[in-house]
Amino acid sequence: MLERFHLTEVAGLRPHELSGGQKQRCSIARALIASPKLLLLDEPASGLDAPLRAEFFDVLRQVRAEFQTPILLVTHDLDECFELGDEMLILREGRLVQSGSPRAIAERPVNVEVARLLGIFNLFQAEILELDPQRNLSRLRCGEFELAGYYFPGRLRGDRVWLCVRPERLGVFPRDGKPGSNQIPAQLVRSIEMPRTVRLEFAGGIQVELARPEFEKQKLNKEWLVWFPPDALRVI
């Protein structure tokens, strides 16, 4: 196990002399020596900086490849679920509310509660105005605006729903004329620099994530239009 987890050189050290990454590898090796039926990991990457975190993820991939032990990992980090998990279980106050692949849950949360827990969605109250399965079309009223989306199976006209849209699926344009289809005038409140993107926060609770080059091309906009692509609209 020392060799497998690259701990041979530190085998004679005391625990307090190990680095954070070495401690993590040591704890997993120690647990696997007992041939457990299930390996439980509770927030294992918390407190690790980016290089140690990447190193630890490599260790977990090694464990999955070399051992048959199932792993149950508890985390609040959605990126960890995508990077490590085959199946994600969403728990709320001790109750299972949704399960499935990370991508499936991120694309279609089962309810508003899950969408809020994931923290990656714009959520707006809306009313279904039109449903047309033959044309694969639905129309929603969201505040004072109407939006067209694909057909929403299992819904009825007049249903009050939550419109759910991921920020990176929205687009923005300069407002230099009458808004087009699914374009809503919006007032920019602030822009926030992220590691790889720029998050634009508009009045009304609309958030848009743009790649940095795209933001640079539009950062001088005086007025904005936010575009809601029909295929990005989900209702819950």
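I'd like the full set of residues that are farther than 17 Å from VAL114 by Cα and not charged (D, E, K, R), limited to the stretch 68-95. Of everything in the stretch 68-95, those that are farther than 17 Å from VAL114 by Cα and not charged (D, E, K, R) turn out to be GLN68, THR69, PRO70, ILE71, LEU72, LEU73, LEU84, GLY85.
Contact annotation: residue pairs with Cβ atoms under 9 Å, 6 or more positions apart or on different chains, pairing a residue in the stretch 56-73 that is more than 20 Å from MET88 (Cβ to Cβ) with a partner that is among the aliphatic types (A, V, I, L, M), are VAL59/ILE28; PHE67/LEU32; PHE67/LEU39. Within the stretch 167-201, the set of residues being part of a strand (DSSP E or B), hydrophobic (A, V, I, L, M, F, W, C) and closer than 21 Å to SER138 by Cβ comprises ILE184 only. If the condition is being at pLDDT below 95 and over 18 Å from ILE206 (Cα atoms), then the stretch 108-132 contributes ARG108, PRO109, VAL110, ASN111, GLU113, VAL114. Given the condition within 15 Å of the chain's Cα centre (by Cα), within 21 Å of VAL208 (Cα to Cα) and among the β-branched types (Val, Ile, Thr), answer yes or no: does some residue in the stretch 166-189 qualify? No, the stretch 166-189 has no match at all. Pairing residues of the stretch 93-108 that are surrounded by 15 or more Cβ atoms within 10 Å (Cβ to Cβ) with residues that are of a type in the set (Phe, Trp, Tyr), at Cβ distances under 7 Å and at least 6 apart in sequence or on separate chains, gives PRO102/PHE82.
The values are calculated or read from the model by the stated rules, or taken from the named source; none is laboratory data. Owing to the predicted nature of the structure, the values given are computational and were not obtained by experimental measurement. Every residue, glycine as well, gets a Cβ built from its backbone with ideal geometry; the counts of neighbours run over all protein chains shown.
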